[in-house]
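Take a look at the structure set out below.
The values are calculated or read from the model by the stated rules, or taken from the named source; none is laboratory data. On a predicted model such as this, the values are computed, not experimentally measured, just so you know. All Cβ positions, glycine included, derive from the backbone under ideal geometry; neighbour counts span all protein chains shown. Areas reflect the complete protein model, heavy atoms only, side chains present, ligands, DNA and RNA absent. Shrake-Rupley method; radii C 1.70, N 1.55, O 1.52, S 1.80 Å.
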Amino acid sequence: MPHLQIIVVGAGLSGLSTAIACTISGHSVTVIESASELQEVGAGLQVTPNATRLLKKWDLPASFWATAAEPTFLAVHRYSDGKVLAMEKDFNTKIRDKYGASFLDFHRVDLQLALYQRALALGVKFELGQRVQSIDFDLPQVTTASGAKFSSDLIVAADGLWSQSRNCFLDVKDAPLPTGDLAYRVVLSLDDIEDPELREWVSNPSVHFWIGPGAHAVGYSVRAGKMYNIVLLVPDDPPEGVSRQSGSVEEMKVLFKDWDPILTRFLNIVQTVDKWKLMHRSELDSWINDKSTFVMVGDACHPMLPYLAQGANSALEDGAVLGHLLGKVKTRSQVPRALKLYEQLRKTRGEAVVRETFKQRESFHMPNGPDQEARDELFLSQLETGLTGEPFPSRWTCPQVQPWLYSYDAYEEAEKAWTSGSNAEVL
Ligand SMILES: Cc1cc2nc3c(=O)[nH]c(=O)nc-3n(C[C@H](O)[C@H](O)[C@H](O)COP(=O)(O)OP(=O)(O)OC[C@H]3O[C@@H](n4cnc5c(N)ncnc54)[C@H](O)[C@@H]3O)c2cc1C
């Protein structure tokens with residue numbers, strides 16, 4: 001088996017998962033990261049079974065798993081009065097039974113640091129404080145802003161939404177596109193909450209959506225029920241070119257003042273809030289180059305609305321599939337096949353998930369009126385009976401979408417694709 005030298009640009013979740021999976025497959029990885037220390041912006045992250053099964057495989061430590069909050073139910077509320085439109089009870093056990101893996105809510109920092117420590121333990125090298133500026137696809141080699149050069153057999157672009165690697169690949173500055181929505185992100189500590197009912201919500205993990213015209217809110221516990229994460233999704237207003245800024249707590253409260261009182265009680269405790277512009281990208285023709293020296297993963301190639309919480313989960317899947325396929329190559333001449341299979345598997349799925357996130361926005365953000373009433377009737381018709389199997393407006397429990405999202409086993413898919421004769425045409 002050839003021992004490849006792989007450069008991963010970016011130490012976000014896609015870069016770290018790629019580094020871990022490629023190293024487990026026997027290759028040497030150097031991660032080049034522009035930040036001088038790995039301190040991800042703190043907020044919650046829903047990690048669904050398609051990704052928790054990967055984290056198990058990568059043997060993350062017990063201390064990491066202890067930070068998880070596992071929701072026992074998932075509820076969808078009408079925005080104005082909190083009326084329950086949908087309720088999935090025993091969510092945790094149903095998910096485990098169906099998918100053989102858990103649905104867990106984490107603090108993003110805990111996941112990133114656990115992956116970083118795992119990567120270090122496996123021997124991945126990190127070059128922190130180095131911003132990749134240009135790429136020579138023939139050598140292949142990256143050059144950073146400091147002038148340092150790093151050569152390898154393969155370059156993996158994992159540099160996120162504003163990917164410079166993508167610009168180099170396309171040879172044009174290709175800016176992300178606004179989705180028309182922004183997110184206010186709030187994290188509350190249980191220590192700062194006095195209201196007994198709110199403390200109860202935080203200590204007993206569950207997931208809540210409040211859906212209203214043009215907007216929705218999501219709340220869930222993280223850090224084993226010691227913190228509460230709230231994301232408020234509303235139409236976009238930051239100035240052009242600004243992707244993230246401190247939000248005004250007052251402005252946020254005004255937007256949600258007529259919403260369910262339990263949500264506004266949470267918002268009344270908020271001291272600081274971050275505001276994120278939600279961006280997407282047009283689909284690319286290809287995620288790999290002709291010479292098979294370059295490949296893209298994560299938000300660099302398929303950023304999405306966070307409405308199904310799949311951005312990071314998909315990024316982890318990308319890393320697993322790429323790493324496993326590169327572990328299959330017996331000669332260097334098979335690297336192009338591994339990359340082509342990666343692209344086939346991941347581009348189809350990644351882009352399909354992106355499209356599904358827009359459909360979820362449509363279902364959640366319906367303006368008040370006949371369509372919204374029909375949607376709520378459909379929700380309510382299955383509140384007592386349970387889900388009937390037909391398409392459901394919340395894809396989080398939809399019997400047609402949820403299995404497609406959560407049953408995906410990245411290692412199994414990669415293995416099948418590599419061994420399947422039907423893929424011989426990509427050779
Ligand atoms: C409000 C909100 C809520 C979300 N909630 C969820 C959720 O619950 N579940 C979920 O799965 N996803 C969620 N997501 C999406 C998820 O955060 C992203 O999809 C995921 O983090 C993308 O990971 P990445 O590694 O591709 O990119 P990033 O996390 O952006 O990492 C890119 C890395 O590359 C580095 N970098 C950038 N440029 C360079 C350069 N030129 N040279 C070197 N390094 C560079 C950056 O510093 C960074 O460390 C959410 C997103 C938002 C906005």
(request) For every other residue with a beta carbon closer than 11 angstrom to the beta carbon of ASN229, add +1 if it is Lys or Arg and -1 if Asp or Glu, then tell me the sum. (result) +2
(message) How big is the dipole moment of segment 60-146 about its Cα centre under a simple scheme where the beta carbon of each Lys and Arg is +1, that of each Asp and Glu is -1, and everything else is neutral? Debye, nearest 20, please.
(response) 220 debye
(message) Students often check this: by mean Cβ neighbours within 10 Å, which of 187-197, 24-34, 157-167, 89-99 ranks highest, and how do the rest follow?
(response) 157-167, 24-34, 89-99, 187-197
(request) Work out the length of the dipole vector of the chain about its Cα centre, built from +1 on the beta-carbon of each Lys and Arg and -1 on the beta-carbon of each Asp and Glu, and round it to the nearest 20 debye. (result) 1140 debye
(message) Over the chain, with the other protein chains present, what is the accessible area per residue in square angstrom, probe 1.4 angstrom?
(response) 40 Å²
(request) Classify segment 1-63 as rounded, prolate or oblate from the Cα gyration tensor: take a ≥ b ≥ c as the square roots of its eigenvalues, call it rounded if a/c is under 1.5, otherwise prolate when a/b beats b/c and oblate if not. (result) oblate
(request) Could you tell me which of LEU267, VAL218, ILE288 has its Cα farthest along the dipole of the chain towards the positive end, charges placed at Cβ (Lys, Arg +1; Asp, Glu -1), taken about the Cα centre? (result) ILE288
(request) State the answer as a single residue: which of THR48, PHE64, TYR307 lies farthest towards the positive end of the charge dipole of the chain, with beta carbon charges of +1 for Lys and Arg and -1 for Asp and Glu, about the Cα centre. (result) PHE64
(request) Mind checking the full-extension length gain between ASN204 and ASP97? Use 0.36 nm per residue of separation minus the Cα-Cα distance, one decimal, nm. (result) 36.5 nm
(request) Taking the Cβ of ARG346 as the centre, find all other residues whose Cβ is under 12 Å away and add up their charges (Lys, Arg: +1; Asp, Glu: -1). (result) -2
(request) Select from segment 306-340 those trypsin sites (Lys or Arg not before Pro) which occupy a DSSP coil region and have at most 14 other Cβ atoms within 10 Å, ordered by residue number. (result) LYS330
(message) Starting from 0.36 nm per residue, how many nanometres of slack lie between ASN368 and SER151 once their C-alpha separation is accounted for?
(response) 72.5 nm
(request) Could you tell me how many degrees, from 0 to 90 and to the nearest 10, lie between the Cα long axis of helix 108-122 and the main elongation axis, the longest principal axis, of the Cα atoms of the chain? (result) 20 degrees
(message) Please check: in the Gaussian network model of the chain (C-alpha springs, under 10 Å), which one of ALA309, ALA215, ALA352 has the largest mean-square fluctuation.
(response) ALA352
(request) Mind telling me which of ASP110, ASP59, ASP274 comes out most flexible in a GNM of the chain, alpha-carbon contacts under 10 Å? (result) ASP59
(message) Checking the a/c ratio against 1.5 first, then a/b against b/c, what shape does the Cα gyration tensor give for segment 268-427?
(response) prolate
(request) Sum -39500 (n - 2.57) across every DSSP H segment of at least 4 residues in the chain, then divide by the residue count to get the 222 nm mean residue ellipticity, nearest 500. (result) -11000 deg cm²/dmol
(request) Have a look at ALA21, ALA417, ALA62 and tell me which one the Gaussian network model of the chain (Cα, springs below 10 Å) gives the largest fluctuation. (result) ALA62
(message) Taking loop as defined by DSSP and a crowding limit of 14 other beta carbons within 10 Å, which GluC sites (Glu not before Pro) in segment 215-317 fit?
(response) GLU240, GLU283
(request) Give the distance, in whole Å, between the Cα centre of segment 305-337 and the Cα centre of segment 339-366. (result) 15 Å
(request) With a/c under 1.5 counting as rounded, go ahead and sort the chain into rounded, prolate or oblate using the C-alpha gyration tensor (a ≥ b ≥ c being the square roots of the eigenvalues; past the cut-off, prolate if a/b is larger than b/c, else oblate). (result) prolate
(request) Within segment 320-427, list the GluC sites (Glu not before Pro) lying in a DSSP loop whose Cβ has at most 12 other Cβ atoms in a 10 Å radius. (result) GLU384
